[in-house]
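Here the structure comes first, spelled out in structure tokens, and everything after it is commentary.
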Amino acid sequence: MDYATQIIECVKQALDISADEIEQMMETPPEREMGDMAIVCFKLAKVMRKNPQMIASELSEKVNWPSFVSKVETKGAYMNLFFDKSNRAEQVVKSVLDHENNYGSSEIGKGKTICIDYSSINIAKPFHIGHLSSTAIGNSLYRIHSYLGYKCVGINHLGDWGTQFGKLIVAYKLWGNKEQIEKNSVQAMLELYVRFHEEAEKDPELDDSAREWFKKIEDGDSEALEIFNWFKELTLIEANRVYDLLGVEFDSYNGESFYNDKMDRVINELKEKNLLVKSNGAFVVDLEEYNMPPCLVLKSDGATLYSTRDMAAAFYRKDTYDFDKALYVVAYQQNLHFKQWFKVMELLGYEWSKDLIHVAFGMVSMEEGTLSTRKGKVVFLEDVLSKSIEKARGIIDVKSPDLADKDVVAKKIGVGAVVWNAVSNARIKDSVFSFDKALSFEGETAPYVQYTYARANSVLEKANASFKDVDYSLLSDDEAMEVIRMIELFPEKILDAATRYEPYIVARHIIDLAQAFNKFYYERRIIGEDDEVMKARLSLVKATKSCLERGLWLLGIQAPEKM
RNA sequence: GCGCCUGUAGCUCAGUAGGAUAGAGCAACGGCCUUCUAAGCCGUAGGUCCGGGGUUCGAAUCCCUGCAGGCGCGCCA
């Protein structure tokens, strides 16, 4: 039984209220000096018709506190409980060391499946910094949920369908050549795309011919398909370089084109259930009753739309994976889109429509304005990563000239610093991209956590100690206790991150842990102290190291042993 | 016009399902490397929690309203 439930039991015996009510009164004090746990008595004032301060002081005497509570202090309406330090240190540190690689993991997701739709890049378009959020957040949610026992299915819902491919083929046939595309890949495709839009302004006939070529793709024309598939292949080769750098993997690359022949079910069901109405030549589902504009399902020329495809994909995923939840890690610009088709699924009568979750995130813009593929105003993610790695390498050359595997370490740090930008703040926040910020290695950053990790590792390597018969009462100093407090909180932070689909909760927490550790490291000598003290402190170092590594891993960031 | 989101230190952000004196990082200033990695640590300074009402013993947090910014609103995705 954990501390909280034991305390609840004891309080319950002295007071005639439910465990739930007691739990609501409990909280962690803002400052460590105030104790390890607090019970707030304001709420009792009304029921007991006494002032809360008196209630607190009377109650503190009345309750028969469990043995691990070493002291109870009342302060106003607060009863502050202090726990026995060695007991607590032992419980926390041991549980990390006993579960070296899975502290904080659980089985709450056992037998459940979660589909996560993330990254979802477009074919023939650059993999730019705007894709970092979806990719990094999705990857982190994948890891967090896996850690909690869920079976995850990572889906890269490729944008490989639409008239833009007609445009691209037209542009390629008019101004492109094979060598150039082979050589510059997506960059060359992007140039063709940009040129198409420039020329199409002068010559609107280009748009017609683009539509024709897209029709050819749809109809399976061999020349059209050959070019299209070639572009797709080249784009994926390039994207995979970035995914390799990021350490991101997918279980499926089924994108829009995959669902092209799976639309009938959506249309038929909507017809059967009388949800489809004709409006201005197109077919829509009316959502006025739900205070939303109509959801377009079929264009007036009979072609399907984005929503249609998403619904077809949802059916396919439910059939194939039987998910308990399906997450869509997609920018908030598409809030309405998701709200609409989720509602349509509900109207179709599928109770699992409640399991469809749009995990929205904020916009990344450039200092000079928004990103625009059409104008070619983009920053390639690969370039950002390369620059970051290069910067890390430069710092290593100065600070750790004797380090082995400099390039490997530089990669971990450089990539970590960039990924950190996407997973360290609440998803919904907009951000403006700048190299200075993206490549920051100081303060609240991944390199800071990585540095702390490497530091901890270095101590452990030098000391080379055993962890048998540790006297945990030697970890009673404030700095050690603060580290212990952070480690203790780690598991619930992971859970919190999962329920809110917010990786930043893990990120924030490992920063707090790293800060606590660095202070401990600075204030308390580890090696060279009395043998028993050293052993106790080393076990705390080891536990910290393990938590930092797990935390970084959950965010999709690697931890170098040395840096 | 309607809908959704955001507004906390100069800047970037936390603030635990209303609770104790609102916290970090960056930038600024001042300290700390003959001892375990200074990518670090300590200190100083910096706040009308956008404004105004309300609910409550108690509000950055909940409700109403105003302001500012962002996003979205039928044949793109």
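The values are calculated or read from the model by the stated rules, or taken from the named source; none is laboratory data. For clarity, every value in this text was computed on a predicted model and none was experimentally measured. Here the Cβ is made from the backbone with ideal geometry for all residues, glycine too, and neighbour counts use every protein chain on show. For the accessible areas, the whole protein counts, side chains as well, though only heavy atoms, and no ligand, DNA or RNA atoms are used. Shrake-Rupley method; radii C 1.70, N 1.55, O 1.52, S 1.80 Å.
Is it the case, given these coordinates, that A:SER279 is closer than 24 Å to A:CYS115 by Cα, open to solvent by less than 80 Å² (accessible area, probe 1.4 Å) and of a type in the set (Gly, Ala, Ser)? Judged against the criteria, A:SER279 is not a match.
Of the residues making up region A:319-336, those that are under 23 Å from the mean Cα position of the chain (by Cα), assigned to a helix (DSSP H, G or I) and over 13 Å from A:ASP117 (Cβ atoms) are A:TYR332, A:GLN333, A:ASN335, A:LEU336. Scanning region A:204-212 for any residue that is buried (at least 18 other Cβ atoms within 10 Å of the Cβ), modelled with pLDDT under 95 and touching a strand residue (DSSP E or B) at 6+ places or on another chain (Cβ under 9 Å) turns up nothing. The listed residues are A:ILE114, A:ILE108, A:ILE123, and the only one of them that is open to solvent by 20 Å² or more (accessible area, probe 1.4 Å) and either over 17 Å from A:ALA14 (Cα atoms) or modelled with pLDDT under 90 (or both) turns out to be A:ILE108. The residues in region A:351-379 that are under 25 Å from A:SER120 (Cβ atoms) and at pLDDT 90 or above can be counted, and the count is 13. Is at least one residue of region A:477-484 out of contact with any strand residue (DSSP E or B) (no Cβ under 7 Å at 6 or more places or on another chain), of a type outside the set (A, V, I, L, M, F, W, C) and without any contact (Cβ under 8 Å) to a residue 40 or more places away in the chain? Checking region A:477-484: not a single residue is out of contact with any strand residue (DSSP E or B) (no Cβ under 7 Å at 6 or more places or on another chain), of a type outside the set (A, V, I, L, M, F, W, C) and without any contact (Cβ under 8 Å) to a residue 40 or more places away in the chain. Criterion applied to A:ILE55, A:ILE39, A:ILE8 was being touching a strand residue (DSSP E or B) at 6+ places or on another chain (Cβ under 8 Å) and either within 13 Å of RNA strand B (Cβ to nearest atom) or under 25 Å from A:SER476 (Cα atoms) (or both), and the one residue passing it is A:ILE39.
A Cβ distance below 6 Å, combined with a sequence gap of six or more or placement on separate chains, defines the contacts here; from region A:424-437, residues that are closer than 10 Å to A:MET363 by Cα reach residues that are within 6 Å of RNA strand B (Cβ to nearest atom) in the pairs A:ASP430/A:MET363. Among the residues making up region A:485-510, none is free of Cβ contacts under 8 Å to residues at least 12 places away in the same chain and either open to solvent by less than 20 Å² (accessible area, probe 1.4 Å) or in contact with a His (Cβ under 6 Å, 6 or more places away or on another chain) (or both).
Total residues in region A:259-315 satisfying the condition of being in contact (Cβ under 8 Å) with a residue 60 or more places away in the chain and either more than 31 Å from the chain's Cα centre (by Cα) or not in a loop (DSSP other than H, G, I, E, B) (or both): the figure is 7. With respect to (1) closer than 30 Å to A:LEU132 by Cβ; (2) in contact (Cβ under 8 Å) with a residue 40 or more places away in the chain; (3) open to solvent by 30 Å² or more (accessible area, probe 1.4 Å), the lone exception for A:ASP322 is condition (1). Considering region A:379-457, the qualifying helices (runs of 4 or more DSSP H), each wholly inside and each with 3 or more residues that are of a type outside the set (A, V, I, L, M) and open to solvent by less than 30 Å² (accessible area, probe 1.4 Å), run over A:406-423.
Any chance region A:273-282 includes a residue that's within 14 Å of RNA strand B (Cβ to nearest atom), among the aliphatic types (A, V, I, L, M) and in contact with an Asp or Glu (Cβ under 7 Å, 6 or more places away or on another chain)? Scanning region A:273-282 turns up at least one residue that is within 14 Å of RNA strand B (Cβ to nearest atom), among the aliphatic types (A, V, I, L, M) and in contact with an Asp or Glu (Cβ under 7 Å, 6 or more places away or on another chain).
Can we say A:ILE17 is more than 24 Å from A:GLU482 (Cα to Cα), part of a loop (DSSP other than H, G, I, E, B) and touching a helix residue (DSSP H, G or I) at 6+ places or on another chain (Cβ under 9 Å)? Spelling it out, A:ILE17 is indeed more than 24 Å from A:GLU482 (Cα to Cα), part of a loop (DSSP other than H, G, I, E, B) and touching a helix residue (DSSP H, G or I) at 6+ places or on another chain (Cβ under 9 Å). Does at least one position in region A:57-67 carry a residue that is small (Gly, Ala, Ser), closer than 30 Å to A:PHE228 by Cβ and open to solvent by 30 Å² or more (accessible area, probe 1.4 Å)? There is no residue in region A:57-67 that is small (Gly, Ala, Ser), closer than 30 Å to A:PHE228 by Cβ and open to solvent by 30 Å² or more (accessible area, probe 1.4 Å).
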